[in-house]
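Just so it is clear, none of the values below were taken in a lab; they were calculated from the coordinates. Predicted model only: the values in this text are computed from it and were never measured. Here the Cβ positions follow ideal geometry from the backbone for every residue, glycine too, while neighbour counts run over all protein chains shown.
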Amino acid sequence: MTGRLIKPYGDTMNDGKVQMSFTLPVEWSETADEAARQLAGKMGFADVQVVEGRPIAGGFSFFVLYASTPQGVDLETIHAPSVRTHAMTMEEVDAYVLDRIGRKLRVAGACIGTDAHTVGIDAILNMKGYKGDYGLERYHSFETFNLGSQVAPEDLVAFTKLHAVDAILASQVVTQKGSDLKNFTELAELLEAEGLRDRVVLVCGGPRVTNLMASELGYDAGFGRGTLPSEVAAFIAVTLAHRLREETRV
Amino acid sequence: MTGRLIKPYGDTMNDGKVQMSFTLPVEWSETADEAARQLAGKMGFADVQVVEGRPIAGGFSFFVLYASTPQGVDLETIHAPSVRTHAMTMEEVDAYVLDRIGRKLRVAGACIGTDAHTVGIDAILNMKGYKGDYGLERYHSFETFNLGSQVAPEDLVAFTKLHAVDAILASQVVTQKGSDLKNFTELAELLEAEGLRDRVVLVCGGPRVTNLMASELGYDAGFGRGTLPSEVAAFIAVTLAHRLREETRV
Amino acid sequence: MELRIDRTAVDRCRALASAIAAPVQEFIAAHSTVSVERAVLRLFGVDGVGPDDVPVANLIVDALPEAERRRGAALAFGRGVAETGLDPGVLGEAIAVGRYALADFAGVPDAAALGALRPHVESALAHLRVRREERQALLARWPQLPPPLLYVIVASGNIYEDRSAAVAAAEAGAQIIAVIRSTGQSLLDFVPFGPTTEGFGGTYATQANFRIMRAALDQVSEKLGRYVMLTNYASGLCMPEIAATAALERLDMLLNDSMYGILFRDINMKRTFVDQHFSRMLNAYSGIVINTGEDNYLTTADAVDQAPAVLASQFINEEFAHRAGMPDAQIGLGDAYEIDPGLEDGFLFQVAQAQLARQIFPNAPLKYMPPTKHMTGDIFKGHLVDALFNLTSVMTGQTIHLCGMLTEAIHTPYLADRALSIENARYIMNTARHFGDEIALRPGGRIERRAEDVLAGCEALLDRVAGMGLMAAIDAALFADVKRSPDGGRGFDGVFPRAAGYVNPFENALRGEPFTA
Amino acid sequence: MELRIDRTAVDRCRALASAIAAPVQEFIAAHSTVSVERAVLRLFGVDGVGPDDVPVANLIVDALPEAERRRGAALAFGRGVAETGLDPGVLGEAIAVGRYALADFAGVPDAAALGALRPHVESALAHLRVRREERQALLARWPQLPPPLLYVIVASGNIYEDRSAAVAAAEAGAQIIAVIRSTGQSLLDFVPFGPTTEGFGGTYATQANFRIMRAALDQVSEKLGRYVMLTNYASGLCMPEIAATAALERLDMLLNDSMYGILFRDINMKRTFVDQHFSRMLNAYSGIVINTGEDNYLTTADAVDQAPAVLASQFINEEFAHRAGMPDAQIGLGDAYEIDPGLEDGFLFQVAQAQLARQIFPNAPLKYMPPTKHMTGDIFKGHLVDALFNLTSVMTGQTIHLCGMLTEAIHTPYLADRALSIENARYIMNTARHFGDEIALRPGGRIERRAEDVLAGCEALLDRVAGMGLMAAIDAALFADVKRSPDGGRGFDGVFPRAAGYVNPFENALRGEPFTA
Ligand code: B12
Ligand code: B12
Ligand SMILES: Cc1ncc(COP(=O)(O)O)c(C=O)c1O
Ligand SMILES: Cc1ncc(COP(=O)(O)O)c(C=O)c1O
């Protein structure tokens, strides 16, 4: 099924207006302005306006442009299912787990690879929580293990095995040179190799994570910027409950 | 002749990094973020990062992106001759005109069409000048006529004829719906039709004017943002002096 | 934060402003204009257009013989009402289609004409009162956020696009929406008619457009639980008519300056002085806050040099507004943040100027305009200049705050520009909410000295103006370096002396006088 | 601008800080670490790497038997110098390639060893003095712009790319360039060697990299006619060695905090305390300004809550610095603008905190860090938060000003980000240059009350810490909510007690003491 094409909007529907800025490694001159204009043309933009062009250092110039793109996207064809939909409070999650699963869920979280940005995963796990939303440690229905920072994927997998963990929460904040994707992939592959993948709810998170990317990496869910602990808690609870029901059925 | 391709520079040569922002006419959701990402992909960008996506009004979302463009431009193929090169002071221009032409030059300036933004053309013409650089009225070598704002091209042409004007300075600040190009073109065509085109130095200016655009419109020069009066004065003087020499040769 | 101000200098400035206004006010009392007369007709309910889209009000006034016109359109029109017994609006339509001509009723005696009008005057004023009370009730029901009130413009040319943009801006936090007029409308000697979808750099100010926008804003106000104000432009050749129309459609503010049209639009000064007076009487009655245009001094000349002129203009605008019966609470005096961002301590100068106005006009809802002239294509830098403008505004307690746009030098605002601009203002004003309360200015320091200089410069200017008379002063280019002669400029032919027995029943009623010919 | 501050509370805080430091200082006096010993060797000129790229200084110290090590590497090394008559650098190389082992020289008497070292100690210190004087001469020749000194980072991982970025930033207005270290370098128990072109999130701190950058900055300093400073990071497992290396290559500043490594890198506290002391003695002698890391308290926890901890840490850092012989002018105490931009009056809180530090440490070159934690992908908003940070800095007279990046939440700075960031700071600091001089703070107002609260909270915290002892307090998570035990953490095995007859000839010389075993 396809729908209407959505284009950027400046002040009129379908005007396609986009703001851009970039640096070119050339001394500033009127020629440089023109180069910026032609470059935007080559990128496929129309009505290119170089509204600012100036030297920012010897051999470098900075430009601000406005231009129209002829491109559009069809919203109907985009599948980016949100994972932040099971709105439940802490009390509801606790009651739900008690009711459907009847035992505490074991959750292990870590900042993997060489990443030491624990603030994000702490926000999800620590008692205190994030933006007034309590962290998983405060839930009666979870037993949480915060493994901290710079945890090698194999260590996390070993821990999972040893402690019969139900859900793994892996965080990556540093994204330079694709290190986040590399580490997430490694973790998923190791779990698979150890035969643990189907036993756990595998969740990743970080400011550049999207749920779509997570599912492409074989994760059950991915949580991006601004995630609240209760959103993660609800996802874990619901996903595990469904799995258990399916297992029972089989 | 061709040279090396220049690409945008983030922090490494040829990384092609570009910053972009735009609005999409959709409610914000993770799907909208993904739509923004795919849209940038369709524009030809790689490594697209949607670093910000949020609702800015009912039915509208705003995005900030960083991405890499594979496009580059070859500086050697770009011809955007600068017109702001004849560096001369007021005294030098006056001496030059006296020496080479031997009479006052008659210059008429106006903000044409319905445009009423006179500050720019006044900056060039008025005694006071701009950023400490005196305006043409202060030059001994010019007799200036500032026709003010909202001057119809035909009135400017009529004035030119009547007063034997040597140089026309046309200003356009408002660029909405291409009104600037329309008015500039009309002026040039009318001059042509009246057989005056070759008798005058035809110059345009305004914040969005480039010399390249001016020459494409058949102007002798175009002056953009930040123009100083002395740059314009020098251009007029030198251009007229060269013309006179050529005419004498013929 | 408090400047120590030479209060006697302030008093002298007020006295000078009064001395300046007095002779002009005598001129005003002795004259009327075509637009004043058209406004009177519009208040009676005359609306719509005749052949060639000429508004009926224009048709009627233009058709009046000179002698009739000098006694005011009301009288001639009243004769028709008396004779036909028609409702004024219906009579207007009938005249438009040529069914009647006012000349037909020449025989009706003055007293009968005025008698026939009396109930219509009363009902017209009652209608304005209703609109005013409606505003008060809505403001009570949906209180605004505290000032500075964030004000943004829409200017697509198409009232329906403007409507979407306005609603979006309100949702983002805007508290006042201005629909920028199409370029040059201030020079039209009539008010266009009906909803419009094409304009140049703005959208025509028409009664229908006012109504469309007001309805949309009422709706979003309800949704947001806070009243979103609407404003438009009066200054121009049709000040009184726009004032009347805006009152009818419950606009909340109007750009209305006693000298803007003269200096910046080359409108004849006599025309402007007479027009501003009646328009302001109407604004006063309908509870519309006026916004004056001192910012224009700063966009065309150096902002440091022009500060005294801004203050002088504020005094003059205040004086003329008082003379039109406006309370301080409706006098939105203008200023702008236009000092070159490259000037060392420019921010201090801006603070000095804004605070000076705040203290000299403590009860005026000051209107503070954003940086425009020094904005460039560097949107990042522009956003910062706007930020300091926002800070100055909240520090000095400005009331009506025009949000600056990071794309000011590029295009009329995109939807996102407005959102970023409002985000800027909200962030700064919240994080520095009480900063102004917590600081004092060093006595004799750079800020105070600057304020003193501005006040002294203002007094000197007012003194010169008072000495030569306002009209002569404008002729001598004492304001904004612009020279305008008393009988030059647009619309001069629409000014005429009031004959003996001239009647403007609304003017009389608003002054609480009986009206008689 | 001036806060009224309870000076007796400040005095009490200083006394508490002294009481807190005293027992730790006793511990320090009785211990050394492998890094201190390696620094001693490096000062003698030991450099280069042996097999597997292990630095020669590490090879030598690691090879020392425990008992030898406890008397200090100098003694054992001095025996070799005495015996071989080689220049210490050459001796190091010879040991690295296995030509000698220090064990070979066990028979040399202490006095001979120390005697052989004496001229090398003197020439090493003379060399540091030369570098220091060179800096002074260059600063006199190419004076810096007035503070706040704009500081930006480069972090490409490749020293040559960093060099271009640094030169570009200097041209754009930067006055201090920091080369961010590769992630995790602080946890390496050695200093990498040679020029490096790969790093992770930063560029390795090596002597060669220091030299490359210093040369480039000297060149651009000459071009610009103003001295551009260079800084890097000491805190970590190699504080003393980095201090030595930086002194040799004329770095101008170093990140050096008495507790950062403990709290934020899980480095053993004893290791850190001992290391910071010797490294600061070297910094003091070489005229290097240290920058402490209080900003880290704010990025990991709530900035409003943590303000007292920041101040407490500043007092402790000051005290330890004094104990290492640093004058106030070299103690760059840290703070950061990290309050949630959504908090009402957050700006007032920031001003209070920054001004409090300014008045309590009037002679310290305060280091002010930009917003980071609350920065998001909304670069436009981020640029504004940076603007208010810039304003706070210039208002409160901060000295070392780390420019905030609008892309903080996105990537390590692009070239243009740095340029925009410097543009931001320059604009704000110029337009509001003397604003701080022109305002006073309302006595008892929001700003003053906040400052009082922070000071009181700080005193209470210092009081608790003094009561239980610093090491126990850290064990009890009194700082940054982080719990570290005295014998836990990285690098503990590199701490050892000084045996009787321990010698660190540089320590002695810097204290003006004779050195004897
Ligand atoms: C604080 C901070 C630090 C602190 C970290 C302290 C700590 N204990 O975490 C310190 C100072 C140590 C630090 C160091 C470094 N940092 Co840092 N740091 C930041 C900073 C300022 C804030 C990050 C943060 O705490 N955000 C707040 C939290 C709450 O948000 P969050 O992480 O997005 O988490 C939320 C969601 O993403 C989600 N989430 C996150 N993880 C997970 C996991 C799961 C399972 C789920 C469900 C959800 C979830 O939920 C959270 C709550 O909503 C950012 C810049 C910024 N503003 O983002 C740079 C930043 C992340 N750091 C950066 C860099 C480069 C570094 C260093 C490499 C610098 C260096 N050369 O030394 C080192 C690396 C250290 C390392 N080995 O990782 C870069 C990363 C660039 C990139 N994209 O790769 C950034 C973007 C700054 C920059 N522009 O350069 N940093
Ligand atoms: C001041 C101003 C006004 C003043 C003009 C007063 C006057 N007498 O000029 C007033 C308030 C009247 C005004 C009105 C309007 N304005 Co206006 N205005 C501006 C503003 C703030 C500054 C322009 C300016 O004076 N710049 C300073 C001068 C010195 O710079 P300059 O013009 O670029 O000139 C330099 C060079 O370009 C060059 N140059 C210019 N002309 C020439 C000619 C020659 C021959 C040469 C050699 C060189 C040269 O030399 C000059 C010196 O270096 C700009 C925003 C901005 N920051 O740019 C908006 C702006 C230009 N205005 C705009 C608009 C839309 C309008 C209105 C249509 C709004 C309305 N609906 O009413 C009206 C239009 C009136 C009309 N009929 O033209 C838009 C234009 C959008 C677009 N790109 O089309 C802008 C960009 C604002 C915006 N973002 O909406 N405006
Ligand atoms: C007081 C006043 N009235 C009206 C206007 C707009 O008038 P016009 O439609 O002539 O642009 C302005 C614009 O700046 C103004 O300041
Ligand atoms: C005092 C101090 N030292 C060192 C560092 C950097 O150390 P690392 O290399 O461990 O990131 C910081 C960073 O914030 C710091 O504040």
- Item | In order through the range D:227-244: 3J(HN,Hα) via Karplus (6.51 cos²θ - 1.76 cosθ + 1.60), integer Hz, x for Gly, Pro | 6, 9, 8, 10, 9, 8, 10, 9, 2, x, 6, 10, 3, x, 5, 5, 4, 5
- Note on the structure: Mean separation of Cα contacts under 8 Å (at least 6 apart) over the residue count of the range A:5-74, i.e. the relative contact order in percent, is 41 percent
- Note on the structure: Excluding residues fewer than 8 positions from residue B:131 in its own chain, the lysines with Cα under 21 Å of it are C:373, C:381
- Query: Within 10 Å of each Cβ of C:344-356, how many other protein chain Cβ atoms are there on average?
  - Reply: 3
- What is the fewest-to-most order of D:282, A:212, B:5 by other Cβ atoms lying within 10 Å of their Cβ? B:5, A:212, D:282
- Query: Taking Cα centroids, how far is the range C:276-298 from the range D:142-198 in Å?
  - Reply: 58 Å
- Neighbour-count order for A:131, A:17, A:104, D:483, fewest beta carbons within 10 angstrom listed first: A:131, D:483, A:104, A:17
- Message: Can you tell me, using C-alpha contacts under 8 Å and at least 6 residues apart, the relative contact order of chain D as a whole percent?
- Response: 20 percent
- Extreme residue, positive dipole direction of the protein assembly as shown, given options D:443, C:55, D:341 (C-beta unit charges): D:443
- Item | Per-residue mean of C-beta atoms belonging to partner chains within 10 Å, peptide A:27-33 | 5
- Query: Which of B:36, B:164, B:234 moves most in a GNM of chain B, Cα contacts under 10 Å?
  - Reply: B:36
- Message: Let's see if you can work this out: charge +1 on each Lys and Arg Cβ, -1 on each Asp and Glu Cβ, no other charges. What is the dipole magnitude of the protein assembly as shown about its Cα centre, in debye to the nearest 20?
- Response: 1200 debye
- Can you put C:418, B:245 in order of Cβ neighbours within 10 angstrom, beginning with the fewest? B:245, C:418
- Query: Given the C-alpha centroids of the range D:329-395 and the range A:1-73, what is the distance between them in whole angstrom?
  - Reply: 34 Å
- Message: Pick from A:113, A:16, A:135 the residue whose mean-square fluctuation is largest in a GNM of chain A, springs joining Cα atoms under 10 Å.
- Response: A:16
- Query: Quick one: putting +1 on the C-beta of Lys and Arg, -1 on the C-beta of Asp and Glu, what dipole do you get for the range A:90-249 around its Cα centre, in Debye to the nearest 20?
  - Reply: 140 debye
- Task: Could you work out, residue by residue across B:135-141, how many beta carbons of other chains sit within 10 Å of that residue's beta carbon, and then give the average as an integer?
- Result: 0
- Report, for residue D:85, each distance to the same residue's label point in the other copies, shortest first and in nm; define the point 7 Å along Cα→Cβ. 13.9
- Message: My understanding is that a pair violates if its Cα-Cα distance is over 22 Å; which of B:128/B:177; B:104/B:128; A:7/B:7 do that in this structure?
- Response: B:128/B:177; A:7/B:7
- Query: Spin-label point model (7 Å from Cα, Cβ direction): what's the residue C:485 to residue A:197 distance in nm?
  - Reply: 9.1 nm
- For the protein assembly as shown, with +1 on Lys and Arg beta carbons and -1 on Asp and Glu, the positive-most of C:312, C:39, A:160 along the dipole: C:312
- Would you kindly derive the ³J(HN,Hα) couplings of the range A:189-197 from the backbone phi angles with the Karplus curve 6.51 cos²θ - 1.76 cosθ + 1.60 (θ = phi - 60°), listing them in order in whole Hz, with x for Gly and Pro? 5, 5, 4, 4, 4, 7, x, 9, 3
- From the backbone phi of the range D:496-511, what are the Karplus-calculated ³J(HN,Hα) couplings (6.51 cos²θ - 1.76 cosθ + 1.60, θ = phi - 60°) in whole Hz, Gly and Pro given as x? 8, x, 6, 7, 4, x, 4, 10, 10, x, 6, 4, 4, 4, 5, 8
- Query: Shortest first and in nm to one decimal, what separations exist between residue B:42 and its copies in the other chains, measuring from label points 7 Å along the Cα-to-beta-carbon line?
  - Reply: 2.4
- If each part is reduced to its alpha-carbon centroid, the range B:108-131 and the range D:61-138 end up apart, in Å, by 76 Å
- Note on the structure: Taking every other residue with Cβ under 14 Å from the Cβ of residue A:194 and scoring Lys and Arg +1, Asp and Glu -1, one gets -3
- aspartates and glutamates near residue C:223 by alpha-carbon distance under 18 Å, same-chain residues fewer than 8 away left out - which ones? B:27, C:134, C:171
- Over the range C:371-511, what is the relative contact order in whole percent, taking alpha-carbon pairs under 8 Å and six or more residues apart? 16 percent
- Note on the structure: For chain D, the longest principal axis of the Cα atoms and the Cα long axis of helix D:379-395 enclose an angle in degrees, to the nearest 10, of 80 degrees
- Message: If each label sits 7 angstrom from Cα along the C-beta direction, how far apart, in nm, is residue C:66 from its counterparts in the other copies?
- Response: 12.1
